Each structure stands twice: as structure tokens, then as C-alpha cells.
Amino acid sequence: MKTTPLIIELEFQIGQPVWLKTDPEQHERIITAIIIIPKNIMYRVAMSGEESEHYGFEIDDKPILKST
């Protein structure tokens, strides 16, 4: 069986601090894993011993500032 090289451009790297766009408290999280699924990439993030998985569009590399 012939293999084909796979080139993937990642938005985030393991160990990078990130923030969830939907988190109203804007807690910092860390990327702990990158999950490659058909036609998509998900990122596992950790905060205070809890992990969750999110698509790149749900994550930002800086906190979202609320306007008051």
C-alpha cells in the first residue's frame, strides 16, 4: 500500500494558551492535544484539571474583551 504525505496547517499548537470565545469569564486554557478527524481538526483544551474538545473557530489566542 502506497502512503501519501499529509500536510496540515494548524491554527494552534500543543502547549499554547487559548481562550474559548463563548466563555463569559474568559478563563485561560492550554491546548493539550490536536485531534484530526475527517475534514476537520479539533483541539483538546485543559483548565483546572478538566478537559474539553473544540473546533478552531471556537478558540482564540487572546481573551475576548467585553465592551461595557
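The values are calculated or read from the model by the stated rules, or taken from the named source; none is laboratory data. Note that this is a predicted model, so its numbers are computed, not measured. Cβ sites come from the backbone with ideal geometry, for glycine too, and all protein chains shown count toward neighbours. When the accessible area is computed, the model is the full protein with side chains, heavy atoms only, and any ligands, DNA or RNA have been set aside. Shrake-Rupley method; radii C 1.70, N 1.55, O 1.52, S 1.80 Å.
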Net charge of Cβ neighbours under 15 Å - reference GLY49; Lys, Arg +1; Asp, Glu -1: -1
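Count the lysine pairs in the chain whose Cα atoms lie under 28 Å apart, taking only pairs 8 or more positions apart in sequence or on different chains.
On the way: LYS2/LYS39; LYS21/LYS39; LYS21/LYS62; LYS21/LYS66; LYS39/LYS62.
Taking the Cα cut-off of 28 Å, the pair count is 5.
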Average accessible surface area per residue within the chain, 1.4 Å rolling probe, Å²: 80 Å²
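Within the accessible area of the chain, what % is carbon and sulfur when the probe is 1.4 Å and the other protein chains stay in place? Please report the intermediate quantities before stating the final value.
Working: 2990 of 5410 Å².
Heavy-atom surface of the chain belonging to carbon and sulfur, 1.4 Å probe: 55 percent.
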In sequence order, what are the phi-derived ³J(HN,Hα) couplings for region 9-21 according to the Karplus relation 6.51 cos²θ - 1.76 cosθ + 1.60 with θ = phi - 60°, rounded to whole Hz, with x for glycine and proline? 8, 9, 7, 9, 10, 4, x, 6, x, 9, 10, 7, 4
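If the chain between ASN40 and LYS21 were fully stretched, how many nm would it gain, using 0.36 nm times the residue separation less the Cα-Cα distance? It would help to have the intermediate numbers written out before the result.
Values: separation 19, 0.36 × 19 = 6.84 nm, distance 1.87 nm.
Using 0.36 nm per residue and subtracting the Cα-Cα distance, I get 5.0 nm.
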Please compute the Kirkwood hydrodynamic radius over the chain, one decimal place, Å, based on all pairs of different Cα atoms. 13.1 Å
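What is the sum of charges around GLN13, taking Lys and Arg as +1, Asp and Glu as -1, for the other residues whose C-beta is under 14 Å from the C-beta of GLN13? All intermediate terms of the calculation are to be shown ahead of the outcome.
On the way: positive: ARG29, ARG44; negative: GLU9, GLU11, ASP61.
Summing Lys/Arg as +1 and Asp/Glu as -1 gives -1.
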Taking amide hydrogens as modeled 1.01 Å from N in the peptide plane, which residues meet the under 5 Å criterion relative to ILE34, leaving out close sequence neighbours? ARG44
